[in-house]
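Reading through the C-alpha cells given below for one structure.
Where a number appears in this text, it was derived from the coordinates with a stated rule and is not lab data. Computed from a predicted structure; not experimentally measured. Note: ideal-geometry Cβ built from the backbone for every residue, glycine included; neighbour counts use all protein chains shown.
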Amino acid sequence: MSQQILKKGRKKCFLLFEWILSLFSYTLVFLVVSHLFKSFYIDLTHPYIYGVLAVFIIVILNQTIKPLLVTLTIPITGLTLGLFYPCINLFILKITDWILGEHFNLKNIWVSFMIAILISVMNHLMDWFFLRPIMRKVHAYE
C-alpha cells in the first residue's frame, strides 16, 4: 500500500518536473524569437517574468480555448489542407497580447503569422531534442 502511494507521489513529481521544464524551455523559445524579430516584443525590464507569464497564459489558452477553436474550424482547416491551423495559434498569441498589454506585443499581423509558425516549429524542435530525452532519462529512474 505504501509503495503504491510512493509511486503515485513520484509520478506526480515527474509530471510537475516535466511541466516546469516545458514552461522554461518554451520561455526560452519566446525570448529567442523576440530577439530575432522587432515586431514581437517582450518587456525588457523583466523579460523572464513576462516570458514565463506569456507561456503560462498560452498553455492555459491552449488547454481551454484551442480545442474549441480547432473543433469549430475543422471545415476551414480541411478545405485549406491544414494551412488554417497556424491562424488558430496566431489567435492564441493575439489573446495573450491583449491580456498582457504593453508587456507582450505583436505589432504586424503578417510577421506575427510567421512568428506563430516559427514558434510552433521551435517548440517541436525543443520538445524533440531536449524535453523528450530528459524525460526519458527521468522516467528510467522509476
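Answer yes or no as to whether Leu118 is surrounded by 14 or more Cβ atoms within 10 Å (Cβ to Cβ) and within 17 Å of Leu53 (Cβ to Cβ). Lay out the reasoning, then the answer.
Details: surrounded by 14 or more Cβ atoms within 10 Å (Cβ to Cβ): yes; within 17 Å of Leu53 (Cβ to Cβ): no.
So Leu118 fails the test.
For region 83-113, how many residues meet the condition of being surrounded by fewer than 16 Cβ atoms within 10 Å (Cβ to Cβ) and either β-branched (Val, Ile, Thr) or farther than 22 Å from Thr64 by Cβ (or both)?
10
Give me a count of the residues in region 24-61 that are polar (S, T, N, Q) and exposed (fewer than 14 other Cβ atoms within 10 Å of the Cβ). It would help to see each step written out before you state the result.
The first filter runs over region 24-61 and keeps only residues polar (S, T, N, Q), leaving 25, 27, 34, 39, 45.
Those still in the list that are exposed (fewer than 14 other Cβ atoms within 10 Å of the Cβ) too: 45.
The total comes to 1.
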